[in-house]
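Just so it is clear, none of the values below were taken in a lab; they were calculated from the coordinates. Predicted model only: the values in this text are computed from it and were never measured. Cβ coordinates were reconstructed from backbone atoms using ideal geometry, including for glycine residues, and neighbour counts include every protein chain displayed.
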Amino acid sequence: MHVSWPTLVSCVASPILLFIAYRLQTQSEKRSERSAAVTPSEVLFFPDQGLQCPRLNSWRGCLDPKCQFKHNPQSLARLEAILKSATVSLEVCMFVIASKQLIDIIIEAHARGVKVRCISDNQDMDGAVLRSLRSQGIVIRFDKSDYLMHHKFVVVDNKMVLTGSYNFSRGGMGVNRENIIMVHSRHIVSAYLKEFQDMWDLYGTKKFSYNFRKGIVYEGTG
C-alpha cells in the first residue's frame with residue numbers, strides 16, 4: 001500500500017505535537033502553582049517614622065526643600081493605597097475598627113461600588129463608628145459571645161490577604177509596635193475567605209449582642 005509523504009508526516013507529527021502541548025500545559029500549571037506559593041509579598045511595620053509627603057508619589061515628587069513630611073515610603077500610606085485599590089470587594093475582619101482615616105477609605109470604597117462587609121468584636125465596637133458605617137449602607141456583624149473575635153485581617157478583591165497584629169485603631173496607626181503581612185497565595189486567600197464567610201453566616205442570625213463593658217445592645221444582623 002502506497003502512503004503519501006504528507007500523510008506519513010502527519011501521522012508522525014501528530015503524537016509529537018500532542019506531547020509538546022501536554023508538556024507545555026504541565027509546565028504552565030507548575031509555574032502557576034509555584035507563583036501562588038510565593039508568600040508573603042510584602043511586610044509593613046508600625047509605627048511610622050512620620051507622615052509621608054503627599055507629593056512623594058507624584059510625577060514631579062516633592063520640590064519643597066523645607067517640607068516637614070517624610071520622603072521615604074511609610075507603612076500607613078502603603079496600607080491606605082492597598083485598601084483604595086480595591087475594585088471588587090473588601091472583607092474587613094477586625095477586632096477593633098476605630099480609625100476614622102481607615103473608616104473613611106472603607107466608606108469611599110463602598111460608594112465606588114466595591115462590595116464591603118465588616119466583622120468586629122462586640123465588646124470594643126464604638127457606637128459612633130457603628131452608626132457611621134451603617135448610615136452609609138455598610139453591613140457590619142458581631143460575634144455573639146462574651147469571648148473575643150480577635151481576628152485582624154482584610155481580604156482585598158478575593159486575591160490578597162492583609163493580616164498581622166495591626167488593628168484599625170488609633171493606637172495601631174500611631175504608637176503601637178504592629179505588623180501587617182500581605183499574602184497573595186490563592187490557597188491562603190481561600191482559607192481566609194472561608195473563615196470570613198463562616199463567621200458571617202454564624203453572626204447573621206436574628207439575635208442581639210450585648211456589650212457588657214459599655215452597656216450597649218447591637219443588632220446581630222447589621
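Available extension along the chain between A111 and N158 is 15.0 nm, counting 0.36 nm per residue and deducting the alpha carbon span. The string of couplings for region 76-93 from the Karplus curve (6.51, -1.76, 1.60, θ = phi - 60°) is 5, 5, 5, 4, 4, 5, 5, 4, 5, 6, 4, 10, 10, 7, 10, 9, 9, 10 Hz, one whole number per residue in order, with x for Gly and Pro. Shape of region 85-203 from the C-alpha gyration tensor: rounded (a/c under 1.5, with a ≥ b ≥ c the square roots of its eigenvalues).
In a fully extended conformation the segment linking R186 and S41 would gain 50.9 nm over its present Cα-Cα distance, using 0.36 nm per residue.
Here the label points at Y147 and L193, each 7 Å from Cα along the C-beta direction, are separated by 2.7 nm in the simple model.
Computing FRET efficiency as 1/(1 + (r/R0)^6) for K84 and R134, where r is the C-beta to C-beta distance and R0 is 25 Å, gives about 0.70. Between Y166 and N179, the built amide H atoms are under 5 Å apart, and every one of these is 5 or more places off in sequence or on another chain.
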